[in-house]
Amino acid sequence: MIFKGLKERVLKKKLDKLVSLKEETSASTLKKIQSVGILTTDEMSSKIDLQNTVASILGVKNVKIYSLRDFNKNDEVSYKHFTEKDINWRGNYVQTNIKSFLDEPLDLLIGYFNNNNMYLETAVLKSKADFKVGFSNVNSKLYHVEITSEINHYKSFIEELRKYLQILKKL
């Protein structure tokens, strides 16, 4: 348990450093949204069908979801989940499934979590997605667009996102 706390402090410092060094990327590209990635918690992905809702409201067929779940040594390695054990002390992901998800050049990444979580925030920061959207109360330096909404009102969140994407001519 002592090592977990130490690891989290080291990762938090690393995350803060990466956020401060992050270059501001332009969100003004007129590239249309064709592929969407979603980062969320296992609790949210088990409660709601976020993947199909995003696909139907935004009209996109290529939607992938990855969720953070608590580590359990009895769980099998999943292509839809990652744990805190899948990131090392340097802030690099060691599981190949999450690494390939983060390295994929997605057109849109949705950070669907409304509480600070350094593992999910690091994943959003390390993602190669062109355009990143999330909740406004998490970390303002991670996203191009932040939406204020309740986490349980996922349809209104996605409808609001669709409005912003239409204004930016990305849909």
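For segment 133-171, name all the residues that are without any contact (Cβ under 8 Å) to a residue 24 or more places away in the chain and among the basic types (Lys, Arg).
Across segment 133-171, the qualifying residue is only Lys163.
Working only within segment 130-166, note down all residues that are more than 14 Å from the chain's Cα centre (by Cα) and charged (D, E, K, R).
If the condition is that a residue be more than 14 Å from the chain's Cα centre (by Cα) and charged (D, E, K, R), then Glu150, Lys155, Glu159, Glu160, Arg162, Lys163 are the ones that fit.
Please go through segment 130-152 and give me each residue that is within 16 Å of Leu168 (Cβ to Cβ) and in contact with an Asp or Glu (Cβ under 7 Å, 6 or more places away or on another chain), ordered by number.
Asp130, Phe131, Gly134, Ile147
Kindly provide the set of residues from segment 134-163 that are open to solvent by 80 Å² or more (accessible area, probe 1.4 Å) and either basic (Lys, Arg) or within 21 Å of Ser56 (Cα to Cα) (or both), ordered by number.
Answer for segment 134-163, where residues must be open to solvent by 80 Å² or more (accessible area, probe 1.4 Å) and either basic (Lys, Arg) or within 21 Å of Ser56 (Cα to Cα) (or both): Lys141, Glu150, Asn152, His153, Lys155, Lys163.
If Ser78 passes every condition in (1) of a type in the set (Gly, Ala, Ser); (2) open to solvent by 10 Å² or more (accessible area, probe 1.4 Å); (3) within 15 Å of the chain's Cα centre (by Cα) but one, which one does it miss?
Only one criterion in (1) of a type in the set (Gly, Ala, Ser); (2) open to solvent by 10 Å² or more (accessible area, probe 1.4 Å); (3) within 15 Å of the chain's Cα centre (by Cα) is unmet by Ser78, namely (3).
Name the residue that is farthest from Gly5 (Cα to Cα), counting only residues in segment 59-80 that are in contact with a Lys or Arg (Cβ under 7 Å, 6 or more places away or on another chain) and modelled with pLDDT of 90 or more.
Top of the filtered list is Ile65.
Against the condition free of Cβ contacts under 8 Å to residues at least 24 places away in the same chain, touching a strand residue (DSSP E or B) at 6+ places or on another chain (Cβ under 8 Å) and either buried (at least 20 other Cβ atoms within 10 Å of the Cβ) or farther than 19 Å from Ala129 by Cβ (or both), how does Val63 come out, does it pass?
no
Of the conditions (1) surrounded by 12 or more Cβ atoms within 10 Å (Cβ to Cβ); (2) over 15 Å from the mean Cα position of the chain (by Cα); (3) among the β-branched types (Val, Ile, Thr), Ile98 fails just one. Which one is it?
Here Ile98 clears every test but (2).
Give Thr122, Thr96, Thr83 a once-over and let me know the one that is farther than 15 Å from Ile38 by Cα, of a type in the set (Ser, Thr, Tyr) and in contact (Cβ under 8 Å) with a residue 12 or more places away in the chain.
Just one listed residue meets the conditions, Thr83.
Taking the options Ser46, Ser56, name whichever one is assigned to a helix (DSSP H, G or I), modelled with pLDDT of 80 or more, more than 17 Å from the chain's Cα centre (by Cα) and of a type in the set (Ser, Thr, Tyr).
Being assigned to a helix (DSSP H, G or I), modelled with pLDDT of 80 or more, more than 17 Å from the chain's Cα centre (by Cα) and of a type in the set (Ser, Thr, Tyr) holds for just one of Ser46, Ser56, which is Ser56.
Report, by residue number, each residue of segment 14-27 that is surrounded by 11 or more Cβ atoms within 10 Å (Cβ to Cβ) and either farther than 30 Å from Asp107 by Cβ or at pLDDT below 70 (or both).
The answer is Val19, Lys22, Thr25, Ala27.
Look through Phe157, Phe101, Phe135 and report the one residue that is more than 26 Å from Leu11 (Cα to Cα) and of a type in the set (Phe, Trp, Tyr).
After ruling out the rest, the residue left standing is Phe157.
The values are calculated or read from the model by the stated rules, or taken from the named source; none is laboratory data. Predicted model, so just to flag it, every value in this text is computed and none were measured. Positions of Cβ are generated from backbone atoms using ideal geometry, with glycine treated the same way; all protein chains shown enter the neighbour counts. The protein model used for the area step is the full one, side chains on, heavy atoms only, and it has no ligands, DNA or RNA in it. Shrake-Rupley method; radii C 1.70, N 1.55, O 1.52, S 1.80 Å.
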